[in-house]
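The values are calculated or read from the model by the stated rules, or taken from the named source; none is laboratory data. Since the model is a prediction, treat every value here as computed from it, not as a measurement. Cβ placement follows ideal geometry from the backbone for every residue including glycine, while neighbour counts extend to all protein chains displayed. We work out accessible area using only protein heavy atoms, side chains counted, and drop any ligands, DNA or RNA first. Shrake-Rupley method; radii C 1.70, N 1.55, O 1.52, S 1.80 Å.
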Amino acid sequence: MEPSKEPTLNLLSSKDFVPEKYVRDLSQSLVGGPELRRLRKKIQALYEETNNNLKRNVYHNYMQFIDTAKEISHLESEMYQLSHLLSEQKALLAALSTTSILGDETPMITGAENKNDASERGDENRQKLASILEKVEGCKELLEVPGRTYLHEGDLLEVDPVDNNTIKTVHAYLFTDGFMTTYRNTNNRGLMKYVFEVMYELGSLAVVNVRDIGNNKHQFKLLIFPDTRVFQCTASSSKKEWLDKFDQAKKARLTQEQQKRESIVEKSPSRSASIESPSFNPFEDMEEDVGTIHPEWFIEIPEELDVCVAQRHFEEALIFLQKSKDYITQFVNTNGQPDHVIIDIQRKVELRHNNLTEVLMKELEVNPDKSQQGGLRAARRAVRLLNQLGRSTQSCDLFLKLCSSILKTQCKRVKRECSTAMYVRHLSSVVFTNMCHMTEEFLRAFPSSSSCSSAYVVWASNELSLFTSHFIKQVFMPQTSLSTLTECVVLVRSQCERLCSFGVDLCYQLDGALRTPLMQALKDTRDKSIEVAKLRALEDKWIPMNLRSKTGLARFLLQYSEMGLKLDDYVTGDIWIQLTNSTLVFAKLYLTLLNDCLQLETTELLHTINEVLYDVFEAQVRHVESSLRNEKQVEQRKFITKNADFLLVILQDLCQKKYKETIGFECESLHKLKKEYSALIKGVSPTSRSTKTKYSSEFL
Amino acid sequence: MSKKPTAQPALHKVIMVGSGGVGKSALTLQFMYDEFVEDYEPTKADSYRKKILLDGEDVQIDILDTAGQEDYAAIRDNYFRSGEGFLCIFSITEDESFQATQEFREQILRVKNDENIPFLLVGNKSDLEDRRKVSFQEASERAKQWGVPYVETSAKTREHVDKVFYDLMREIRARKMEENKTNNGRGKDKSKKKKLKCTIL
Ligand SMILES: Nc1nc2c(ncn2[C@@H]2O[C@H](COP(=O)(O)OP(=O)(O)OP(=O)(O)O)[C@@H](O)[C@H]2O)c(=O)[nH]1
Ligand SMILES: [Mg+2]
């Protein structure tokens with residue numbers, strides 16, 4: 001490569017540029033300090049140029065960069081919400097499919113009922129069964145048949161099938177799978193009204209309507225081979241009801257049986273032969289079990305579980321559940337398929353499992369009577385256990401509901417007696433501190449479940465919406481000054497940012513919610529400021545400001561220099577400032593406005609802010625302009641021009657500096673304003689303004 | 001309750017079987033109340049009881065009128081189990097009902113597990129001679145094959161109505177007496193044997 005001596009951008013940025021080699025070449029070919037120093041300077045200049053270019057590029061793309069980042073965060077949250085919707089959908093579908101699976105297994109009345117209805121009925125039915133359990137002594141197993149549904153009950157008089165003599169009164173229950181008789185509890189101390197007598201399997205009994213002959217009225221007969229039992233109803237209507245219910249149950253059972261048989265035949269042709277034999281074989285249960293003998297602890301697990309749940313030893317219950325599960329899997333692995341003892345226990349354990357889940361969910365449920373003393377900490381246990389039971393979706397749901405309720409009560413406690421800013425300070429601190437705390441708890445409880453985190457994001461976003469709508473109602477009122485408003489908004493924003501450290505960025509949502517009211521507030525402020533400027537203009541005598549004393553002047557100068565305005569050059573004598581009161585008051589107000597605007601700034605608001613800054617400034621400058629146009633005296637024109645210069649140069653520069661510090665570039669609209677009114681600085685007042693297009697319309 | 005020791009008249013349990021609409025209910029009602037019902041109302045399961053004089057002996061007949069309709073076929077077993085004698089009815093005007101008697105016979109034998117169960121094959125609606133589809137000969141051949149009597153009845157004209165019930169009750173009574181003689185005190189054994197057989201099946 002031909003070594004070029006002069007460093008250029010092209011040379012330095014070429015691909016095969018090797019610094020060591022370049023320096024070596026240089027030091028070989030160049031003799032003497034001055035030449036080297038010249039080159040060094042040149043390189044230095046190149047460095048600065050590149051640096052500036054880089055900065056310009058960064059600034060140029062800065063807004064785009066910020067916007068993109070916001071867009072991404074927005075998108076992320078939308079993805080979360082989408083994911084939440086999907087998982088909700090999934091849960092719904094799963095629920096639907098389990099409903100139909102249950103429907104297959106259990107002899108529910110398979111009419112034209114739809115699934116939702118069925119599940120509602122399921123709840124009702126469970127309650128009904130539970131209430132029977134409370135009334136009838138000795139029928140604990142009532143709940144242990146899955147799908148058993150209550151159909152009918154009533155008092156019946158049992159009579160002798162041969163001589164028709166009264167035997168006793170029974171209270172009978174009809175279920176989808178069986179007929180249960182109970183009799184009145186004669187033991188007065190017994191808590192329960194009835195005592196269990198017998199439960200007949202529906203498939204093993206035949207119902208016969210006894211035709212009314214002579215005394216035996218309203219009777220029906222049950223043939224339960226080899227027994228026959230005759231029951232007498234009080235009226236023919238009640239007999240008809242019983243017979244209809246029996247018929248209904250029988251028919252439902254039949255279709256059920258049919259479906260089941262068909263599916264079994266399909267599945268295992270080898271076993272179909274034995275199943276094809278009469279389906280209601282009353283001797284089936286006489287078959288001796290010669291299968292494996294299971295350990296006692298396994299057989300006793302259902303009872304153990306009952307005890308654990310009753311004593312609230314939930315962790316222990318979980319261990320039992322796991323143990324039984326392990327045992328069953330191991331058994332199935334070695335023996336191929338579960339025997340009937342296993343199936344029985346499995347079914348019972350499953351019921352306990354569901355019961356345990358329900359108890360735990362109750363723990364988490366929001367209840368107005370329940371104290372929230374323990375807060376989320378108190379919920380930890382139930383949440384953890386539910387997660388272990390594989391119910392994280394539900395526990396997550398309940399957890400978040402609990403959070404909402406806690407948040408609500410906490411917010412209610414914030415007193416409203418102090419100033420708006422104080423109230424907002426308290427309230428936002430309560431809201432976001434709680435939300436941070438809840439987020440922490442949430443991450444603890446549901447560390448790695450995407451469906452839960454999306455539920456959380458949705459929750460957080462809802463809570464924020466609740467808060468912002470309340471916030472807007474409280475803060476955005478006509479009498480609230482922009483400064484107060486700004487203070488509150490800034491406060492809430494900084495509170496909201498606290499959540500970012502947990503990976504939850506809701507700032508964009510907050511800004512979005514506040515955008516419209518803020519735009520309105522900015523415009524209102526503009527209108528008010530212009531109004532005030534007009535009033536000031538009327539009172540403007542165009543005389544220098546008199547501070548009346550040296551200390552007054554000093555205080556005044558200090559006050560303005562603190563705002564960034566050095567007024568020393570305008571001082572004449574001991575107490576005079578060569579600017580009008582109107583100009584000085586405007587400068588102060590305008591800087592406050594600018595300050596508020598800059599604090600409120602978001603990309604979306606920038607356009608409105610620029611407009612407001614322009615309009616308010618212009619109102620003042622117009623006053624100066626019209627004064628100048630009407631002034632003939634040279635001295636006075638000079639004074640007015642001085643004020644114009646102060647506004648358009650000194651104040652504008654300061655504004656631009658501040659604007660740039662926050663926004664990153666200078667304010668275009670103020671630039672434009674300065675250009676439009678630059679003639680004023682030279683003491684020229686254009687005679688006509690009618691041709692001037694309004695600035696704001698250009699912006700649109 | 002004090003009545004219990006007094007000897008109750010013997011109770012004979014008769015079951016009416018056969019396809020829907022052949023006249024099971026009509027026959028029963030004619031026997032019970034001496035009336036003919038023109039309307040057809042399908043039966044589910046009705047039971048009747050009546051005290052009658054059978055060859056000079058007070059007895060009670062318990063009639064179980066079952067459903068002929070096909071949708072009840074699957075739960076017939078439970079009804080049949082309680083029967084001591086069967087009237088298997090078909091309508092001579094309907095060949096299908098005659099064919100169906102074969103199935104009823106098989107089902108009864110299976111459930112009762114007894115080849116000699118009291119049983120009558122009954123061809124009903126004999127008054128509708130002009131619409132006859134099943135010949136007397138055809139039906140009596142089947143009865144002979146089964147080793148049971150064949151009787152033609154009319155629930156409308158009451159022809160042979162009493163006869164079928166009385167004949168069946170006589171058979172039942174005869175069976176009971178026979179059983180008492182052969183298995184005196186061993187009744188329990190027999191039932192156990194039956195059960196075992198069922199399990200094997
Ligand atoms: N002409 C005539 N009609 C009869 C006779 N027996 C029955 N019927 C008519 O046949 C129809 C059916 O009679 P049912 O006795 O109700 O029939 P069923 O066998 O009890 O029918 P299911 O209860 O459905 O099993 C009715 O309209 C009766 O009037 C008969 O001997 N002669
Ligand atoms: Mg009938």
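What the table shows:
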{"read-out": "Answer residue from segment B:31-42, given it is more than 8 Å from ligand 1 (Cβ to nearest atom) and in contact (Cβ under 8 Å) with a residue 60 or more places away in the chain and is farthest from the other protein chains (Cβ to nearest Cβ) among those", "value": "B:Asp34"}
{"read-out": "Residue tally, condition among the hydroxyl-bearing types (Ser, Thr, Tyr) and out of contact with any helix residue (DSSP H, G or I) (no Cβ under 6 Å at 6 or more places or on another chain), over segment A:425-451", "value": "4"}
{"read-out": "Counted residues, segment A:556-565 - those being more than 14 Å from A:Asp645 (Cα to Cα), surrounded by 12 or more Cβ atoms within 10 Å (Cβ to Cβ) and not small (Gly, Ala, Ser)", "value": "5"}
{"read-out": "B:Glu129 within 14 Å of chain A (Cβ to nearest Cβ) and open to solvent by 50 Å² or more (accessible area, probe 1.4 Å)", "value": "no"}
{"read-out": "Filtered residues of segment B:60-109 (kept if of a type in the set (Gly, Ala, Ser), touching a strand residue (DSSP E or B) at 6+ places or on another chain (Cβ under 6 Å) and at the interface with chain A (Cβ under 10 Å from one of its Cβ atoms))", "value": "B:Ser82, B:Gly83"}
{"read-out": "Residue match in segment B:1-12 (condition: closer than 22 Å to A:Lys239 by Cβ and buried (at least 17 other Cβ atoms within 10 Å of the Cβ))", "value": "no"}
{"read-out": "Count - residues of segment B:79-92 that are away from ligand 2 (no atom under 14 Å from the Cβ) and either surrounded by fewer than 20 Cβ atoms within 10 Å (Cβ to Cβ) or closer than 22 Å to A:Ser204 by Cβ (or both)", "value": "6"}
{"read-out": "Subset of segment A:305-342 (residues that are in a helix (DSSP H, G or I) and either acidic (Asp, Glu) or in contact with a strand residue (DSSP E or B) (Cβ under 6 Å, 6 or more places away or on another chain) (or both))", "value": "A:Asp306, A:Glu315, A:Glu316, A:Asp326"}
{"read-out": "Within segment A:200-236, tally of residues that are part of a helix (DSSP H, G or I) and more than 16 Å from A:Leu174 (Cβ to Cβ)", "value": "1"}
{"read-out": "Residue in segment A:585-593 that is farther than 30 Å from A:Ser494 by Cα and out of contact with any Asp or Glu (no Cβ under 8 Å at 6 or more places or on another chain) present", "value": "yes"}
{"read-out": "Residues satisfying the stated conditions in segment B:21-78, i.e. part of a loop (DSSP other than H, G, I, E, B) and either touching a Gly at 6+ places or on another chain (Cβ under 8 Å) or crowded, with 18+ Cβ neighbours inside 10 Å (or both)", "value": "B:Gly21, B:Val22, B:Gly23, B:Tyr40, B:Pro42, B:Thr43, B:Ala67, B:Gly68, B:Gln69"}
{"read-out": "Unique match (being more than 30 Å from A:Phe471 (Cβ to Cβ), among the small types (Gly, Ala, Ser) and more than 48 Å from the chain's Cα centre (by Cα)) among A:Ala554, A:Ala533", "value": "A:Ala554"}
{"read-out": "Residues (in contact with a strand residue (DSSP E or B) (Cβ under 8 Å, 6 or more places away or on another chain), away from chain B (no Cβ under 14 Å) and open to solvent by 20 Å² or more (accessible area, probe 1.4 Å)) located in segment A:146-170", "value": "A:Arg148, A:Thr149, A:Tyr150, A:Leu151, A:His152, A:Glu153, A:Asp155, A:Leu157, A:Thr169"}
{"read-out": "Any pair with Cβ under 8 angstrom, 6 or more apart, that starts in segment A:434-450 at a residue that is more than 11 Å from A:Ala460 (Cα to Cα) and ends at one that is of a type in the set (D, E, K, R) and surrounded by fewer than 21 Cβ atoms within 10 Å (Cβ to Cβ)", "value": "A:Glu441/A:Arg377; A:Glu441/A:Arg380; A:Arg444/A:Arg380; A:Ala445/A:Arg380; A:Ala445/A:Arg384"}
{"read-out": "Number of the exception - A:Ile543 against (1) assigned to a helix (DSSP H, G or I); (2) among the hydrophobic types (A, V, I, L, M, F, W, C); (3) over 50 Å from the mean Cα position of the chain (by Cα)", "value": "(1)"}
{"read-out": "Leading residue by the ranking (farthest from A:Leu12 (Cα to Cα)) among those in segment A:37-65 that are hydrophobic (A, V, I, L, M, F, W, C) and modelled with pLDDT of 80 or more", "value": "A:Leu54"}
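A quick yes/no check of all residues on (1) in contact with a Phe, Trp or Tyr (Cβ under 6 Å, 6 or more places away or on another chain); (2) open to solvent by less than 60 Å² (accessible area, probe 1.4 Å); (3) touching a residue at least 40 places away in the same chain (Cβ under 8 Å):
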position	(1), (2), (3)
A:Arg352	no, yes, yes
A:Glu363	no, no, no
A:Leu376	no, yes, yes
A:Arg380	no, no, yes
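Listed here are the residues, each with its yes/no results for (1) among the charged types (D, E, K, R); (2) at pLDDT below 85.
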| residue | (1), (2) |
| --- | --- |
| A:Cys308 | no, yes |
| A:Arg312 | yes, yes |
| A:Glu315 | yes, no |
| A:Leu321 | no, no |
| A:Lys325 | yes, no |
| A:Phe331 | no, yes |
| A:Asp339 | yes, yes |
| A:Ile342 | no, yes |
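For every residue, the table says whether it meets (1) more than 11 Å from the chain's Cα centre (by Cα); (2) within 14 Å of ligand 1 (Cβ to nearest atom); (3) closer than 16 Å to B:Gly20 by Cα.
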| position | (1), (2), (3) |
| --- | --- |
| B:Tyr72 | yes, yes, yes |
| B:Asn78 | yes, no, no |
| B:Gly83 | no, no, no |
| B:Phe90 | yes, yes, yes |
| B:Glu94 | yes, yes, yes |
| B:Ser97 | yes, yes, yes |
| B:Ala100 | yes, yes, yes |
| B:Arg110 | yes, no, no |
